[in-house]
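Okay, so here's the structure we're looking at.
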Amino acid sequence: MGTSNTISERGLFKEEIHSALYKNKDIREILLGDTSGMSAREIQDAFKQHVKSHLFIDDTIKETDSFIYYDVVFPEIHPTVKVCKVILYAICHRDILDNYFKDGYHGNRADVLSEMIVDTLVVNEKTANSFGIGKISLDSLDLYNATRFYGSVMILDVPNFR
């Protein structure tokens, strides 16, 4: 992505994040289950119901399911460099937290989903280098703990020119 004196990267990064997450078949599986009987369009539409490019988590979510919410912020803008951060929530309903297992992954459903996201956005070299001027990196991992949902809050750093 090119450099810019604007904040246009915010929307571009959101599109890139959504695309990278969608391409990961393991993330689609943990969010949607078996999609073998679904058309490509149905899969895309269902995925959009589980992956949102904002941090608004409505208290009226009725589904007992897993979700990814994310947004992009610029906490510092200097004359030549912008500090870009991706804030990402990987959350699961408490009723399904301990009923998902995937070879190669450890912990509960929220742990597995968080690891899949980091594998996709940070560990995958092609994706990690597709943002800003340097490699996207995991800055912190914290808990998301609400009445019905549990998961992770991840902060990713994206170095970028102003």
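The values are calculated or read from the model by the stated rules, or taken from the named source; none is laboratory data. What you see is a predicted model, and the numbers here were worked out from it, not measured in a lab. Note that we place each Cβ from the backbone using ideal geometry, even for glycine, and neighbour counts take in every protein chain shown.
Note down all Cβ pairs under 9 Å where the first residue falls in the stretch 143-162 and is more than 22 Å from residue 64 (Cα to Cα), the second is surrounded by fewer than 19 Cβ atoms within 10 Å (Cβ to Cβ) and of a type in the set (Phe, Trp, Tyr), and they're at least six residues apart or on different chains.
160/74
Taking residue 140 and the conditions (1) within 30 Å of residue 62 (Cβ to Cβ); (2) touching a strand residue (DSSP E or B) at 6+ places or on another chain (Cβ under 8 Å), which numbered condition does it fall short on, given that it satisfies the others?
The one condition residue 140 does not meet is (1).
Of the residues that sit in the stretch 68-96 and are surrounded by fewer than 19 Cβ atoms within 10 Å (Cβ to Cβ) and hydrophobic (A, V, I, L, M, F, W, C), which one is nearest to residue 18 (Cα to Cα)?
For the stretch 68-96, the residue satisfying everything is 87.
Would you confirm, using the coordinates I've provided, whether residue 155 is of a type in the set (Val, Ile, Thr), surrounded by 12 or more Cβ atoms within 10 Å (Cβ to Cβ) and assigned to a strand (DSSP E or B)?
The answer is yes for residue 155.
Pairs under 6 Å by beta carbon, first residue at pLDDT 75 or above and of a type outside the set (S, T, N, Q) in the stretch 129-142, partner surrounded by fewer than 13 Cβ atoms within 10 Å (Cβ to Cβ) and assigned to a loop (DSSP other than H, G, I, E, B), six or more apart or different chains?
That search, which allows pairs on different chains as well, returns 135/129.
If we scan the stretch 22-30, do we find a residue that is of a type in the set (Phe, Trp, Tyr) and under 26 Å from residue 147 (Cα atoms)?
No - not one qualifying residue is present in the stretch 22-30.
Could you check how many residues of the stretch 30-42 are in a helix (DSSP H, G or I) and out of contact with any Lys or Arg (no Cβ under 8 Å at 6 or more places or on another chain)?
5
Starting from residues that are hydrophobic (A, V, I, L, M, F, W, C), outside any loop (DSSP other than H, G, I, E, B) and over 16 Å from the mean Cα position of the chain (by Cα), keep the ones in the stretch 43-86 and report whichever is nearest to residue 100 (Cα to Cα).
43
Report the residue count in the stretch 96-117 for those that are within 27 Å of residue 14 (Cα to Cα), free of Cβ contacts under 8 Å to residues at least 12 places away in the same chain and part of a loop (DSSP other than H, G, I, E, B).
1
Working only within the stretch 118-131, note down all residues that are in contact with a helix residue (DSSP H, G or I) (Cβ under 7 Å, 6 or more places away or on another chain) and either surrounded by 22 or more Cβ atoms within 10 Å (Cβ to Cβ) or part of a loop (DSSP other than H, G, I, E, B) (or both).
121, 130, 131
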